Structure formats: structure tokens, C-alpha cells
Amino acid sequence: MGNVTSNVAAKFAFFPPDPATYGITNDEETGKLVFAGVSPDKNMEVHQLTTKSGNKVVATFWRHPFARFTILYSHGNAADLGQMVELFIELRAHLRVNIMSYDYSGYGASTGKPSEFNTYYDIEAVYNCLRSD
């Protein structure tokens, strides 16, 4: 019964933009992952993390040179990272913080399907990435 409930909830809870508002590619000079079509930002890193469910989620780390804190930001249910770029730039500048954000499974360039359980695995992978850096 729990799986049925979760599947029904997913139909009402997750609305990934279709098509995604960004893509990722490797920078030809550095080999690092970057957002395709977005102006480069030397203080922004793109990561692709593997979750416990085997999905690959895209995460971004926005570094502020004088930050004392880092915010782990989960966006709303109808957006992806491409739509959040300007907000992250503004938050980083005005709050003087680092920001780590990510797309849920099935959102943006992340693989898999959006579900309640995948969101738990998604944020766990991102949190572990933050802790290891």
C-alpha cells in the first residue's frame, strides 16, 4: 500500500520543467562540468553525484570568498537549477554565504524519476558531498 500511496503522491508533488532549462557539458579547457549556455562563473562548481538509488543528480556549489556559512538549498517542486541561477548569484552576494543546491532525480540534467524516496537519496548525496569537501 505504501508504494501505491507514494506513486500517487508523486503525480501531484513533482512538476519538473519540460524541457529542462539547462544542460551540462565538459569545459574544453579545464575538463570540468559546466552549465551549457550559461556565462561562466569562476566561483561556481558543477557536480554530478551518484545517489544510493543509482541516479546521477546535478549539484551546484556557489562559493563566496568571505563566506562563514553554507546554505544547502532545495528548490521548489516546479523549478530546476537553470531557473535558479540568478537567485543564487543574488543570495551569495547579499548574504555573503556559499550555496549548495541540486536538482532532484528527474529534474534538469539529473537522471531517474522524481519520487519521495529519491528525494531522500538526492539530498543525502549532496549533503555527503558537502561534508567531504
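Only the coordinates and a few stated rules stand behind these numbers; no lab work does. Because the structure is a prediction, the values reported are computed rather than measured. Methodologically, a virtual Cβ is constructed for each residue, glycine included, from the backbone with ideal geometry; neighbour enumeration extends over all protein chains shown.
Directionally averaged projected area (the chain, Cα convex hull): 8.5 nm².
Charges at C-beta only: +1 for Lys and Arg, -1 for Asp and Glu. How large is the resulting dipole of the chain about its Cα centre, in Debye rounded to 20? Could you put the intermediate results ahead of the total?
Details: 11 positive and 14 negative charges, 75 e Å.
Here the chain has a charge dipole of around 360 debye.
Phi angles of segment 100-117 translate, via the Karplus equation with coefficients 6.51, -1.76, 1.60 and θ = phi - 60°, into HN-Hα couplings of 10, 9, 7, 9, 5, 3, x, 10, x, 9, 7, 8, x, 10, x, 7, 4, 5 Hz per residue; Gly and Pro are given as x. Spatially close Lys pairs in the chain, defined by Cα atoms under 22 Å apart and a spacing of eight or more places or different chains, total 6. Over segment 63-133, the pair-distance histogram of Cα-Cα distances with 10 Å bins from zero comes to 19, 48, 29, 4 percent, rounded to whole numbers. Within the listed set 40, 19, 114, the Gaussian network model of the chain (springs between alpha-carbon atoms below 10 Å) gives the highest mean-square fluctuation for 19. Highest GNM mean-square fluctuation among 94, 75, 47, for the chain modelled with Cα contacts below 10 Å: 94. Taking trypsin sites (Lys or Arg not before Pro) as exposed when their DSSP state is a loop state and no more than 13 other Cβ atoms lie within 10 Å, the longest site-free interval of the chain runs over 97-133.
Highest mobility in the GNM of the chain, judged by mean-square fluctuation with C-alpha springs under 10 Å and restricted to 45, 90, 28, is found for 28.
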